[in-house]
Amino acid sequence: MESKFQGQDQTLLQQGYSGFAADWGSDQRVFKRVSWGKAMMWILLLSDTFVFACFLVAYMTARSSTTAEWPNASEVFALHIGGHNFPLLLIAIMTFVLISSSGTMAMAVNSAYRKARTPTALLMLATAALGAGFVGMQAFEWTKLISEGVRPWENPWGAEQFGASFFMITGFHGTHVTIGVIFLVIIARKVWRGDFDRDQRSWLSAGNGDYEGVEIMGLYWHFVDLVWVFIFAFFYLW
Amino acid sequence: MVDRGSDDRMQLPPREVADVMPPHAHSWIGRYVFSQDAKYIALQYSGTAVAIGLVALVLSWLMRLQLGFPGTFDFITAEAYYQFVTMHGMIMVIYLLTAIFLGGFGNYLIPLMVGARDMVFPFVNMLSYWVYLLAVLVLVASFFVPGGPTGAGWTLYPPQAVLSGTPGGAQSGIILMLVSLILFIIGFTMGGLNYAVTVLQARTRGMTMMRLPLTVWGIFTATVMALLAFPALFVACVMMLFDRLLGTSFFMPALVELGEKLSYGGGSPIAFQHLFWFFGHPEVYIVALPAFGIVSDLIAVHARKNIFGYRMMVWAIVIIGALSFIVWAHHMYVSGMHPWFGFFFATTTLIIAIPTAIKVYNWVLTLWQGDIHLTLPMLFALGFIVTFVNGGLTGLFLGNVVVDVPLSDTMFVVAHFHMVMGVAPIMVIFGAVYHWYPKITGRMLNEAMGQIHFWVTFIGAYAVFFPMHYVGLVGVPRRYFEIGEPEFLTAPVDGLNAFISSAALIVGAVQVLFLFNLYWSLRRGREAGGNPWRAASLEWQTPETPPRHGNWDALPDVYRWAYDYSVPGAPEDYIAQTDPWVSDGEDRRL
């Protein structure tokens, strides 16, 4: 989707392949109407994609090369409620919460396009709350597994790489979510205080008088959600 | 193809991004310690890289003393020798070459060459340096902890890297090494985002991607590669750190150590090798591509000719960068591999020879019938071409599985990679310093000291590494503390080893002369003026030399590529990129 920001840029852009070639052949900027901050976030996410891809590939290698049997994820990650075992119940709720947070984030970005200060700040706080809820449930999950004897170096059910991969990958993703929550709150506060409405540079604000910081935050947040989908598929469902 | 100035190009498009002066620091600390000026950060990066590089140089002396004169130096134990090997390799590849090309030359040249006032995020750029310095300090700290630094070899292969038989394996040496690498990667990422976004999004009016000097293309492509390759090293370091500290078994199979079964089991050491070399092979080109780019500019300026086949040069850089991500397992032929994989990786490896050869031909064709000035930058550029061809040809040997298997882990490999990614890029670094020192300081480096420096370095490097190929061919394995006189050697090598070591000591010593020259010329060098080489690219057109914070008065407008040398009919033998000169004769666009 084309950014609503960069109001000072009036140039018309060509469409399609010829537009692509024209952009790359032009001076000043390859990605027209993309600010420095947004370009930086995209490249950072590309690099981070490789980090998570390497973590997941390393986990798959460990899983396929270990001699001991791999624990059954749907049994390990089951909740015992009212005499019934619900496989992957907690993980399903966590996934639902995180995907929902992407929804509220998208709504926040939409409000930011319209420079609607109050809805933007509130929707970002809602996103932060859902993200914090996700991290909280992850902490519960870690506690439960640790109490059942899962350690990075051993677990009661089979290959020791199970616990190691679990703590490493969910820990690294959880760290990303936590960082995201912190910055959601920071940016929401800046929106609320009207920092983005001023034509003045400040920390995390280019001073263009627009809400682009919200959109850049959204890029990061959707990325963290997308990564979770892959972790969910490759670690929990496989 | 050639992008000469013409009437329809006189109309530049309007400025898309507002020209904002980066905020000036007023305090002394803000200017000279926590500076956010890319040029100053570049000098901080370079100074730190050279300082730690000197440590690595001394380590190589110590190694050569042991290999050349075994048994003479009591203080060099086998453990110490392995620590020297490891630290020498790691420092040279990561903390010197990568840091100086990207953090040093990248920071200094990118904003000047694309016509920007600074990097796009000066604060993040400053953080990049300080995290890099922290990484270096952690690395240095490992020399002073009990057990000393790790002696696992620069590849840090597990399981040996974290076991008690390897120096620093059971103590803190390996931990500090891994932590330092993780810090380096974080620091680099902050800088790398800056370099990439500045090239893509912060060029001045008229500066298209295809008007960028090849220096910028080389550094830019290397930066993008580093942003995609370092994640693999990051993950490998984190996982090995967990193996060492938490007792996980990502890379650790079941092991017996000193008759005792360890608690490790089920991990895959090969997985580490894949992760390491998925980083490690692009790393070779992360070091080489900036060198390719810089040397292209040195040759064009000092032969007063446009670079031959500019577009081909750009595409060769990009293709080499892309291909380097699918060749990594050629470092692992002897690790055990399905023959089809060996076939695949040998093929992709040899295909890289094509764009590389294009570059070498184009350098030679640029020199062809050029007005070659044998200045110091040109001498080093010529030294680079010769050395790179030598090292590249032995690469063709090692890229083939059947040739690599007997040569792998011999001194032949050591000679190969020192030629191709040690001596060759360092030649370019020297050439680049002689070339840009006048812009950085306003004075020329001393010519006499420079001549001594070049000839001793060039001849000395060949005296070191040419015989080393032979030493490897007769069967001397690499990373052996002491070889003795085993039966499998087809010829004695003692005399050669002593010769190599003597040459290495001399080559190392002459670098001190170079450093002295840097210091001496700062005050006593000849005044250079703004453009002593009469070069066309933007960094030589700054209103002040050295360029001040913000680089320009008004941002420059660019009307042509960076290689308009010896253009017929032009008032001078070069046309600056900012010069809107148009031939009033016939249209000479090719």
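The values are calculated or read from the model by the stated rules, or taken from the named source; none is laboratory data. Because the structure is a prediction, the values reported are computed rather than measured. Positions of Cβ are backbone-derived with ideal geometry, glycine not excepted, and every protein chain shown enters the neighbour counts.
The single condition among (1) away from every other protein chain (no Cβ under 14 Å); (2) β-branched (Val, Ile, Thr); (3) surrounded by fewer than 24 Cβ atoms within 10 Å (Cβ to Cβ) that B:Val318 does not satisfy is (1).
Conditions (1) modelled with pLDDT under 95; (2) away from every other protein chain (no Cβ under 14 Å), marked per residue:
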{"position": "B:Met10", "(1), (2)": "yes, no"}
{"position": "B:Arg15", "(1), (2)": "yes, no"}
{"position": "B:Arg31", "(1), (2)": "yes, yes"}
{"position": "B:Tyr95", "(1), (2)": "no, yes"}
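Can you find a residue that is of a type outside the set (A, V, I, L, M), modelled with pLDDT of 90 or more and under 30 Å from A:Arg114 (Cβ atoms) anywhere in segment A:39-62? Scanning segment A:39-62, I find at least one residue that is of a type outside the set (A, V, I, L, M), modelled with pLDDT of 90 or more and under 30 Å from A:Arg114 (Cβ atoms), so the answer is yes.
Counting only helices (runs of 4 or more DSSP H) wholly contained in segment A:8-78, the ones carrying 2 or more residues that are facing chain B (nearest Cβ under 8 Å) and without any contact (Cβ under 8 Å) to a residue 40 or more places away in the chain occupy A:16-25, A:36-65. In segment A:229-238 there is at least one residue matching the filter, namely being in contact with a His (Cβ under 9 Å, 6 or more places away or on another chain), of a type outside the set (Gly, Ala, Ser) and touching a residue at least 40 places away in the same chain (Cβ under 8 Å). Summed over segment B:509-530, residues that are in a loop (DSSP other than H, G, I, E, B) and either crowded, with 18+ Cβ neighbours inside 10 Å or touching a Cys at 6+ places or on another chain (Cβ under 8 Å) (or both) total 2. When the residues of segment B:554-576 are narrowed to those that are hydroxyl-bearing (Ser, Thr, Tyr) and within 29 Å of the chain's Cα centre (by Cα), which ends up surrounded by the most Cβ atoms within 10 Å (Cβ to Cβ)? By that ranking, first place goes to B:Tyr563. All of B:Gly147, B:Gly191, B:Gly151 fail the test of being buried (at least 22 other Cβ atoms within 10 Å of the Cβ), more than 9 Å from every other protein chain (Cβ to nearest Cβ) and assigned to a loop (DSSP other than H, G, I, E, B), apart from B:Gly151. Scanning segment B:515-530 for residues that are touching a residue at least 12 places away in the same chain (Cβ under 8 Å) and under 18 Å from B:Ala51 (Cβ atoms) turns up B:Leu515, B:Phe516, B:Asn517, B:Leu518, B:Leu522.
Test A:Ala164 against the stated conditions and say whether it is surrounded by 18 or more Cβ atoms within 10 Å (Cβ to Cβ) and either free of Cβ contacts under 8 Å to residues at least 12 places away in the same chain or assigned to a loop (DSSP other than H, G, I, E, B) (or both). Taking the combined requirement at face value, the residue does not satisfy it.
Residues in segment B:102-131 that are within 13 Å of chain A (Cβ to nearest Cβ), surrounded by fewer than 23 Cβ atoms within 10 Å (Cβ to Cβ) and either in contact with a Ser or Thr (Cβ under 8 Å, 6 or more places away or on another chain) or part of a helix (DSSP H, G or I) (or both): B:Pro122, B:Phe123, B:Val124.
Scan (1) in contact (Cβ under 8 Å) with a residue 60 or more places away in the chain; (2) over 25 Å from B:Phe276 (Cβ atoms) for the single condition B:Gln83 breaks and write down its number. Going through (1) in contact (Cβ under 8 Å) with a residue 60 or more places away in the chain; (2) over 25 Å from B:Phe276 (Cβ atoms) one by one, B:Gln83 breaks only (2).
In segment B:239-258, the residue that is surrounded by the fewest Cβ atoms within 10 Å (Cβ to Cβ) out of those that are more than 7 Å from chain A (Cβ to nearest Cβ), under 31 Å from the mean Cα position of the chain (by Cα) and closer than 18 Å to A:Arg63 by Cα is B:Asp243.
When B:Met225 is tested against (1) more than 8 Å from chain A (Cβ to nearest Cβ); (2) in contact with a Lys or Arg (Cβ under 8 Å, 6 or more places away or on another chain); (3) of a type outside the set (Lys, Arg), only condition (2) is not met.
Could you tell me whether B:Thr208 is within 30 Å of B:Gly321 (Cβ to Cβ), within 11 Å of another protein chain (Cβ to nearest Cβ) and out of contact with any Asp or Glu (no Cβ under 6 Å at 6 or more places or on another chain)? Criteria not met by B:Thr208.
Pairs meeting the criteria (first residue in segment B:436-460 and surrounded by fewer than 23 Cβ atoms within 10 Å (Cβ to Cβ), second residue among the basic types (Lys, Arg) and in a helix (DSSP H, G or I), beta carbons under 9 Å, at least 6 apart or on different chains) are B:Ile440/B:Lys39; B:Arg443/B:Arg523; B:Arg443/B:Arg524; B:Asn446/B:Arg524. In this entry, B:Ala236 passes the filter for residues that are in a helix (DSSP H, G or I), within 14 Å of another protein chain (Cβ to nearest Cβ) and of a type in the set (Gly, Ala, Ser). Annotation note: of B:Ala42, B:Ala99, B:Ala51, the sole residue that is part of a helix (DSSP H, G or I) and under 24 Å from B:Ser502 (Cα atoms) is B:Ala51.
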